[in-house]
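The values are calculated or read from the model by the stated rules, or taken from the named source; none is laboratory data. What you see is a predicted model; the values in this text were computed from it and never measured. Note that we place each Cβ from the backbone using ideal geometry, even for glycine, and neighbour counts take in every protein chain shown.
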Amino acid sequence: MDGASVSTAYRAITVTPYSPNVGAEIGNIDLTRPLSDIELAEIQRAFTDHLVLFFRDQKISFEDHARLAEYFGSIGQHAGKKTNSQVTDDPRVRKFHADGNSPRVSGNVWHTDQSCAPIPPLASILYLHTIPKNGGGDTGFASMYAAYDALSDRMKTYLEGLTAIHDGVPIFGVGTPQSVHPVIALHPESGRKLIYVNHSFTVRINEVSKEESDAILRYLFDHCMRPEWTARFRWEPHSTALWDNRCAQHRAISDYLPDMRSGYRVQIEGTVPPVAG
């Protein structure tokens, strides 16, 4: 990014927008030590403003990883029964690894993490220490604020008040929860409206016929992934991404197998998605 793009509204950290609608790279910070009060306040403000934060060249430990997460809330557990992530010696941190022996790459369809849960995660933090040697393995992110703002006024009126079923069984297997959430939700901190359906988990709009639901969901899935409000993050060794699961969707791009992509993931407990009024 051009140095002129760096925000001057921050005193302790640097914040460089990664794209017009989603993402920012954070500089002048060391995640291997506790944050000062001003660093934390500015990180939290940047998180609200940019939805996804990227940190480069940070060789974080499990303790560092968990500490960053706990600034935002309690560390949570995965809702799924079947996932590519694996437990580590630290119960707060899960291994996130794929290579030529992996049956599939987790998260390779646009989604919001575990929206099938009654209370989906507030955020996730992924740290990658090893990236594919031949390139690839980027992560796409999309702003559901921008997707909502671009809807016509008539479509906004139609969608508000509708609810949808989010089912985890097709992705994670039997025993995974199914939940109902608003189609248009309200972010509890920014106060902005957003689209809260995603291709991985949302299976049915409740208040209309199945045929109408299928058509509207197809439209929304395509609309949410338009390139105007997406960005593609290119990983480097020892990069970390922190994303707001309430207002950003993401996708792990599985173009690197059989190369290795490896790191660790922490999940932060959330709240019930508020209905937009």
For residues in the stretch 84-117 being surrounded by fewer than 22 Cβ atoms within 10 Å (Cβ to Cβ) and of a type in the set (D, E), which is nearest to S179 (Cα to Cα)? D90
Within the stretch 130-154, how many residues are surrounded by fewer than 16 Cβ atoms within 10 Å (Cβ to Cβ), more than 21 Å from the chain's Cα centre (by Cα) and on the phi < 0 side of the Ramachandran plot? 5
When the stretch 253-277 is examined, which residues are found to be of a type in the set (A, V, I, L, M), over 25 Å from E63 (Cα atoms) and under 18 Å from the mean Cα position of the chain (by Cα)? I253, V272
In the stretch 216-228, anything surrounded by 14 or more Cβ atoms within 10 Å (Cβ to Cβ) and not aliphatic (A, V, I, L, M) is listed as F221, H223, C224
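Only one of S213, S200 is assigned to a helix (DSSP H, G or I) and buried (at least 18 other Cβ atoms within 10 Å of the Cβ); which? Can you show your working first?
Details: S200 fails: assigned to a helix (DSSP H, G or I).
After applying the criteria, what remains is S213.
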Search result, residues across the stretch 178-197 that are outside any strand (DSSP E or B), surrounded by fewer than 16 Cβ atoms within 10 Å (Cβ to Cβ) and either among the acidic types (D, E) or in contact with a Cys (Cβ under 7 Å, 6 or more places away or on another chain) (or both): E189
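Does T32 count as modelled with pLDDT of 95 or more, assigned to a loop (DSSP other than H, G, I, E, B), among the polar types (S, T, N, Q) and farther than 21 Å from T139 by Cβ?
Numbers: modelled with pLDDT of 95 or more: yes; assigned to a loop (DSSP other than H, G, I, E, B): yes; among the polar types (S, T, N, Q): yes; farther than 21 Å from T139 by Cβ: yes.
Considered against the rule, which asks whether it is modelled with pLDDT of 95 or more, assigned to a loop (DSSP other than H, G, I, E, B), among the polar types (S, T, N, Q) and farther than 21 Å from T139 by Cβ, T32 comes out as yes.
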